[in-house]
Amino acid sequence: MIRSSRCWGGLFVAGVLAGAPEAPAQEPTTVLVVRHTEKVSEASDAVLSDLGLARAIELQRVTAEARVSVLFASQYARAQQTLEPIADRLGLEILVHDAADSDGLAKRILTDHAGEVILVSGHSNTVTAIVAALGAPQPPPVEDWDYDDLFVVTIGRGGDARVVHLSYGAPSTEP
């Protein structure tokens, strides 16, 4: 049952975004925020594990119809690797931002990419701060073992922001 609801969450994101008309600059800005997928170790710049690579492919599947036009990842390899399948499919460059600067990232998104669909790959200690910096209510912290969260932040023309918290892929399990 949990697996089913997770699949429907991904379909919800794709369906809502795919059904909307092409987004001119005056349309709402949609930011999909995920934590990087599973990593091989606790090293400071660890790469993705096989499980993480599989989840990155699942993220590509879940967002396939979302009309993502901009990709942001932190300076760490695992965050960038999470977006590589999507970048390859869409022919997009992954824009790198400082993981410690959620406010700067939000400003860059809202200034340079208003009206677009943006996908951001962050970290357990940054994704909720990114959501809050975009003006939405800050969700509860993401646990260090949790890799399946997908936050969909929609920012209206007037700057009002709301967030929907979904899951994708196999459920993360607490060790």
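The values are calculated or read from the model by the stated rules, or taken from the named source; none is laboratory data. Just so you know, these numbers come straight off a predicted model, no measurement behind them. Don't worry about glycine lacking a Cβ; one is built from the backbone with ideal geometry, like all the others, and counts go over all protein chains shown.
Numbers below:
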| quantity | calculated |
| --- | --- |
| Out of A46, A66, A99, A106, sole residue that is farther than 14 Å from T30 by Cα, modelled with pLDDT of 95 or more and within 14 Å of the chain's Cα centre (by Cα) | A99 |
| Residues satisfying the stated conditions in segment 76-123, i.e. hydrophobic (A, V, I, L, M, F, W, C), touching a Leu at 6+ places or on another chain (Cβ under 8 Å) and not in a helix (DSSP H, G or I) | L92, I94, L95, V117, I118, L119, V120 |
| Residue selected from segment 149-161 under the condition charged (D, E, K, R) and over 13 Å from V33 (Cβ atoms), by the criterion modelled with the highest pLDDT | D160 |
| Test result for S4, surrounded by fewer than 15 Cβ atoms within 10 Å (Cβ to Cβ), out of contact with any Asp or Glu (no Cβ under 9 Å at 6 or more places or on another chain), modelled with pLDDT under 50 and more than 26 Å from L134 (Cα to Cα) | yes |
| Extreme residue, surrounded by the most Cβ atoms within 10 Å (Cβ to Cβ), among residues of segment 38-64 that are among the hydroxyl-bearing types (S, T, Y) and under 20 Å from A170 (Cα atoms) | T63 |
| Output for segment 149-164, where each listed residue is surrounded by fewer than 21 Cβ atoms within 10 Å (Cβ to Cβ) and within 11 Å of the chain's Cα centre (by Cα) | D149 |
| Cross-chain or 6+ apart pairs with Cβ under 8 Å, segment 162-175 first and part of a loop (DSSP other than H, G, I, E, B), then at pLDDT below 95 and surrounded by fewer than 14 Cβ atoms within 10 Å (Cβ to Cβ) | A170/R3; P171/I2; P171/R3 |
| Selected residue [basic (K, R) and within 22 Å of T173 (Cα to Cα)] from R35, R108, R89, R67 | R35 |
